[in-house]
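Undergrad: Could you have a look at this structure, given as structure tokens, before my questions?
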Amino acid sequence: MWRFDFYNTNIDFLRWGKLAIGWSILVLLIAIASLVFQGMNLGLDFTGGTVIEVQYPEPVDIPKVRNTLRQAGFGDAQTQHFGTSRDVLIRIPPRDEANAATLSNDVLHALQGAEGGAGVTMARAEFVGPQVGAELVEQGALAALGALIGILIYVMFRFEWRLAVGTIAATVHDVIFTVGWFSLFHIEFDLTVLAAVLAVIGYSVNDTVVVLDRIRENFRKRRKGSILEIMNRSINETLSRTIMTSLATLLSVIVLYFLGGAVMRGFSVAMIVGILVGTYSSIYIASASALYLGISREDLLPRAKETADERP
Amino acid sequence: MSTYTLNQYPWWKYLLIGLVMLWGFIFALPNLFGEDPAVQISGAREHIAIDASLQDRVAGLLSAENLPHKQLELEDGRLLIRFTDPEEQLKAADILKDRLGRDYIVALNLASSEPGFLRALRLSPMYLGLDLRGGVHFLMQVDMDATVKQVEESYVEEIRTQLRSEKILYSSVGRAASGGILVEFKNTAERDKAVEVLRKNLRNLQQDKSSPLSLKLTLDEPEIREKRDFALQQNITTLRNRVNELGVAEPIIQQQGSERIVVQLPGVQDTARAKEILGATATLEFRLADEENDWYQAASTNRIPLSSRLYKDREGRPVLLQKRVMLTGDSIIDAASGLDQQSGSPAVFVTLDGKGAKRFEDATKDNVGKRMGVVFIENKTETKRVDGELKKTAYTVEEVINVATIRDRLSRRFQITGLDSTREARDLALLLRAGALASPIEIIEERTVGPSAGKENIAQGFRAAMIALVVIAAFMIGRYKWFGGIATAALAANVVLIVAALSMLQATLTLPGIAGIVLTMGMAVDANVLIYERVREELRNGNTPQAAIHAGFDRAFDTIIDSNLTTLIAAIMLFGFGTGPIKGFAVTLSIGILTSMFTAVTGSRALVNFFYGGRKLQTLSV
């Protein structure tokens, strides 16, 4: 039986607080620069266009498929293998004036008509009109913003504004990092990835709130020690939980990455990146931000009525 | 309080947890059974009865063809025939479609093979989304500009008539490029007269008199809203009829937002045909024939009178009709072919809605003895090769499908006679029905998943969920030993409850939904991790095992609530914004968070109390 323990850790996390914040700002600047200059590799859901996934009975060469498509008038199609060498993913950018409703069928017929294409079947076809894509971008941004504001209000109500700001700083940090990762490595960003980003928001806050809860508890319990010491102590005390939960969630998402099929891959990548960075940010960013915002013991002491309930 | 009684639940708490789990198992149970390939028969129209006699007839047809079936069931106005083998299902569907005729809708279906007692309890398995069962999802947009344009055009004619009858001199009436109707006059005095007349007779039009020689009229907001809404509802009704034609077992046709319609056709494989049938939008217009001018002259010299338009009929012969629209297809409720009772000749019987009837009465009462044409307008798309590239262009085909003499003042019900054959009558009725569409619609989103890809998605999702469960179980047991085992039991219970809740709510399970379940598994153990780490801490602080357990559960509780509620906020935002598959993710994530709070806190507490409570413990292996 294996075990790892972090009971007696006494790592001075916040000693590196300034460094961590500096480092995070640097990384975020890179992420933002990538978003600005390189942009996102937006998926069909957002750009509009047509995606067709077909399956061949035998492994097939991409150049051959490409050639068939070019001859059929789909010179603008992008073709790649998807999962196995029998599966081919074809993307066709949005076309002006085109009621692309029958486009996927035209492509399928073209492939079936070509040599060796008799057994081609359609696994998936998606067409998204440009107006729908634009709306999804807008709604996605709104949902993320709504989630952040909702959480901000909740944490402010439950804790204190500096901690709330720290939580939101940590969460925004995680979101920009995750989205920046997709931009930097040019991974396709589609609707399921957006869902994952929103789940990352939930996860990141979840992780942070546990640390904050402990900070508050220790502030009330311990009369001695500087704010820095108490924060460090709280982070150390919750460290094994932070790591355990992150690992458990990470494991389930890694399973999804390998076994969930090609459609879930982007989702899993976003979650993996989000969990890793979320764990880091709940240790460093949230508490350090609150610290530099000037949080004091009085801010967290219970109001008079609650004192009676406190355990010794 | 003695430490011995610390971790004991009263019997009713165990009972309550037991009841919740029993509920979970019962509702999750239907998911354990597979699905039978089935054929579903329902009536194409409301009056067609699905009864025991049909059941006998179908059974007879099947046995005549030597097609064995598992079961015939009559329920909720439909007949369900189960088969053991999909081949037989397909064959039977073809035969039944052929023999039963157009009165019945014969559709392929997958019916849950749960045993009768579960069906009697009205318990069903989870409702699978299109990405898991295969099928087509369309999002259609109704062209509202065209709707408004149509309304404005009919007003243009109305205004022209009014001005003429009041002898007001105008130089032009027409739709303004920026919307609305623009009437231009030679002088301001005439305009002012028109202002009075139109204010009296067309009071729902807003007037804009800012320029001295013209008058701009616009529809008011409520009227536009009403017309748009009507256009949408009309389209939904028409789509429903067309989907019936396709024979789909559980189609979904519903409004989304103010101008969109979602159509989901589970199990449809031939998407091209589906699009053909759904996408061929058509409208109808009834117009008076222009009998003052000669169509021949108009056609040969191409000099068409201003108030008329030159059309062609189905044989390509030119027909000259007035521009003024008497009635549009959206007023038609029904069109059926039959025989005229007096003459016995083929006829088409048309029924109008109340408004249409009123309008048609007014339009026809002064025109008895004149001829009237019905124009069928189809919106089609065409793929053309331009410079080596395929280009799609949308275009309309306008065709006169019937010209008949108005014999009487026409109202709510009237008939069109003088048709050559019963076939022509049937075709005309079909066209009239197909044209009963308010305005053109366009497919703006389509998602098709092939049936085998759907099956593969389920298999992958199921396997991923199972392996994730095993991996997390191993991880938790490795770290927390027996307590890890309890966490695993709570986790398994959580999955059962999620499945039960999804089955009960009949919420749609999608592939991202399965991802949500897997993710919830990882996050659900967080509550156990929080509790156990706390128990360990309390032990290290020198507390007795029982006190440590008690304090661990107690103190972790607030944190668990805080952390779960924040995740729930994100999940709810996702639900509010999401469409289709993403909504499925938000649903499972939200349900998973709620059920995990129950299983991980109350459920695992009960197990811990059951195994450890009330015993004298020297050490605790956590």
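The values are calculated or read from the model by the stated rules, or taken from the named source; none is laboratory data. Just so you know, these numbers come straight off a predicted model, no measurement behind them. Cβ: placed from backbone, ideal geometry, glycine included. Neighbour counts: every protein chain shown.
Undergrad: Residues B:Leu246, B:Leu265, B:Leu232: which one is of a type outside the set (Val, Ile, Thr) and at pLDDT 85 or above?
TA: From the options B:Leu246, B:Leu265, B:Leu232, the qualifying one is B:Leu265.
Undergrad: A further question follows. Spot the failing condition for A:Ala123; the list is (1) more than 9 Å from every other protein chain (Cβ to nearest Cβ); (2) assigned to a strand (DSSP E or B); (3) surrounded by 23 or more Cβ atoms within 10 Å (Cβ to Cβ), and only one is missed.
TA: (1)
Undergrad: Still on this model: Would you check if there is a residue in region A:141-161 being of a type in the set (A, V, I, L, M), within 11 Å of chain B (Cβ to nearest Cβ), under 30 Å from B:Val262 (Cα atoms) and surrounded by 24 or more Cβ atoms within 10 Å (Cβ to Cβ)?
TA: yes
Undergrad: Take the residues in region B:400-417 that are in a loop (DSSP other than H, G, I, E, B) and touching a strand residue (DSSP E or B) at 6+ places or on another chain (Cβ under 6 Å); name whichever of them is modelled with the lowest pLDDT.
TA: Looking at the filtered set, the residue picked out is B:Arg412.
Undergrad: Residue by residue through region B:305-330, note down the ones that are under 23 Å from B:Asp420 (Cβ atoms) and either surrounded by fewer than 18 Cβ atoms within 10 Å (Cβ to Cβ) or of a type in the set (A, V, I, L, M) (or both).
TA: Within region B:305-330, B:Lys312, B:Asp313, B:Arg314, B:Glu315, B:Gly316, B:Arg317, B:Pro318, B:Val319, B:Leu320, B:Leu321 qualify.
Undergrad: Assuming A:Val132 fulfils every condition listed in (1) more than 9 Å from chain B (Cβ to nearest Cβ); (2) more than 24 Å from A:Val253 (Cβ to Cβ); (3) touching a residue at least 24 places away in the same chain (Cβ under 8 Å) apart from one, which condition is it?
TA: (1) is the only condition that A:Val132 fails.
Undergrad: State yes or no: is B:Lys216 assigned by TED's automatic domain parsing to the domain that holds B:Glu166, surrounded by fewer than 14 Cβ atoms within 10 Å (Cβ to Cβ) and not in a loop (DSSP other than H, G, I, E, B)?
TA: Here the answer is no, as B:Lys216 does not meet what is asked.
Undergrad: Which residues, taken from region A:48-63, are on the phi > 0 side of the Ramachandran plot and part of a loop (DSSP other than H, G, I, E, B)?
TA: A:Gly48
Undergrad: Which one of these does B:Thr84 not meet: (1) assigned to a loop (DSSP other than H, G, I, E, B); (2) crowded, with 16+ Cβ neighbours inside 10 Å?
TA: It fails just one condition, (2).
Undergrad: Can I ask one more? Pairs needed: first member in region B:441-453, within 16 Å of A:Leu108 (Cα to Cα); second member anywhere, modelled with pLDDT of 80 or more and among the hydrophobic types (A, V, I, L, M, F, W, C); C-beta distance under 6 Å; at least 6 residues apart or different chains.
TA: Qualifying pairs under 6 Å: B:Glu446/A:Phe127; B:Glu446/B:Phe138; B:Thr448/A:Ala125; B:Thr448/B:Val136; B:Val449/B:Leu130; B:Gly450/A:Met122; B:Gly450/A:Ala123; B:Ala453/A:Ala123.
Undergrad: Moving to a separate point now. Does B:Thr566 satisfy being facing chain A (nearest Cβ under 7 Å), under 24 Å from A:Asp213 (Cα atoms) and surrounded by 23 or more Cβ atoms within 10 Å (Cβ to Cβ)?
TA: Considered against the rule, which asks whether it is facing chain A (nearest Cβ under 7 Å), under 24 Å from A:Asp213 (Cα atoms) and surrounded by 23 or more Cβ atoms within 10 Å (Cβ to Cβ), B:Thr566 comes out as yes.
Undergrad: Could you list, ordered by first residue, the pairs with Cβ atoms under 7 Å in which the first is in region B:469-484 and more than 11 Å from A:Ala248 (Cα to Cα) and the second is β-branched (Val, Ile, Thr) and surrounded by fewer than 19 Cβ atoms within 10 Å (Cβ to Cβ), at least 6 apart or interchain?
TA: Close Cβ pairs satisfying both conditions: B:Gly484/B:Ile477.
Undergrad: Going by the structure shown, is B:Ala38 surrounded by fewer than 14 Cβ atoms within 10 Å (Cβ to Cβ), within 31 Å of the chain's Cα centre (by Cα) and outside any helix (DSSP H, G or I)?
TA: Answer is no for this residue.
Undergrad: Something else now. Could you go through region B:128-137 and let me know if any residue there is crowded, with 18+ Cβ neighbours inside 10 Å, touching a strand residue (DSSP E or B) at 6+ places or on another chain (Cβ under 7 Å) and more than 14 Å from every other protein chain (Cβ to nearest Cβ).
TA: yes
Undergrad: Taking region A:146-188 only, how many residues are touching a residue at least 12 places away in the same chain (Cβ under 8 Å), hydrophobic (A, V, I, L, M, F, W, C) and within 18 Å of A:Asp213 (Cα to Cα)?
TA: Total satisfying the criteria: 10.
Undergrad: Suppose we filter A:Val155, A:Val172 for residues that are β-branched (Val, Ile, Thr), assigned to a helix (DSSP H, G or I) and in contact with an Asp or Glu (Cβ under 9 Å, 6 or more places away or on another chain); which single one remains?
TA: Just one listed residue meets the conditions, A:Val155.
To keep it simple, each residue is scored yes or no on (1) surrounded by 23 or more Cβ atoms within 10 Å (Cβ to Cβ); (2) at positive phi; (3) at pLDDT below 85; (4) in a helix (DSSP H, G or I).
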| position | (1), (2), (3), (4) |
| --- | --- |
| B:Asp427 | no, no, yes, yes |
| B:Leu430 | no, no, yes, yes |
| B:Ser439 | yes, no, yes, no |
| B:Ile443 | no, no, yes, no |
| B:Arg463 | no, no, no, yes |
| B:Met466 | no, no, no, yes |
| B:Leu469 | no, no, no, yes |
| B:Ala473 | no, no, no, yes |
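Residue-wise test of (1) basic (Lys, Arg); (2) at the interface with chain B (Cβ under 8 Å from one of its Cβ atoms); (3) assigned to a strand (DSSP E or B); (4) under 18 Å from B:Ser452 (Cβ atoms).
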| position | (1), (2), (3), (4) |
| --- | --- |
| A:Phe46 | no, no, no, no |
| A:Val65 | no, no, no, no |
| A:Phe74 | no, yes, no, no |
| A:Thr79 | no, no, yes, no |
| A:Val88 | no, no, yes, yes |
| A:Arg95 | yes, yes, no, no |
| A:Leu103 | no, yes, no, no |
| A:Glu115 | no, no, no, no |
| A:Ala118 | no, no, no, yes |
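Undergrad: Might you let me know whether region A:194-212 holds any residue that is in a helix (DSSP H, G or I), away from chain B (no Cβ under 14 Å) and not aromatic (Phe, Trp, Tyr)?
TA: No, there is no match, as no residue in region A:194-212 is in a helix (DSSP H, G or I), away from chain B (no Cβ under 14 Å) and not aromatic (Phe, Trp, Tyr).
Undergrad: Here's another thing I want to ask about it. Report the residue count in region B:476-529 for those that are more than 12 Å from chain A (Cβ to nearest Cβ), in a helix (DSSP H, G or I), more than 23 Å from B:His550 (Cα to Cα) and touching a Gly at 6+ places or on another chain (Cβ under 7 Å).
TA: Looking only at that region, the number is 4.
Undergrad: Counting only residues that are buried (at least 22 other Cβ atoms within 10 Å of the Cβ), among the hydroxyl-bearing types (Ser, Thr, Tyr) and assigned to a loop (DSSP other than H, G, I, E, B), how many does region A:256-299 have?
TA: 1
Undergrad: Filter region B:288-312 down to the residues that are of a type outside the set (Ser, Thr, Tyr) and touching an Asp or Glu at 6+ places or on another chain (Cβ under 7 Å) and list them by number.
TA: B:Pro305, B:Lys312
Undergrad: Filter region B:350-368 down to the residues that are of a type in the set (A, V, I, L, M, F, W, C) and crowded, with 17+ Cβ neighbours inside 10 Å, then identify the one that is farthest from B:Met326 (Cα to Cα).
TA: B:Val350
Undergrad: State all residues of region B:530-555 that are under 22 Å from A:Leu239 (Cα atoms), touching a residue at least 24 places away in the same chain (Cβ under 8 Å) and either at the interface with another protein chain (Cβ under 9 Å from one of its Cβ atoms) or in a loop (DSSP other than H, G, I, E, B) (or both); if no residue qualifies, say none.
TA: Across region B:530-555, the qualifying residues are B:Leu530, B:Tyr532, B:Arg536.
Undergrad: Continuing with this model, one more query. Give B:Leu108, B:Leu128, B:Leu61 a once-over and let me know the one that is over 24 Å from A:Met122 (Cα atoms) and outside the structural domain of B:Phe585 (by TED's automatic domain parsing).
TA: None of the other options fit; the residue is B:Leu61.
Undergrad: Scan region B:295-319 for residues that are in contact (Cβ under 8 Å) with a residue 12 or more places away in the chain and among the charged types (D, E, K, R) and jot them down.
TA: B:Arg309, B:Lys312, B:Asp313, B:Arg314
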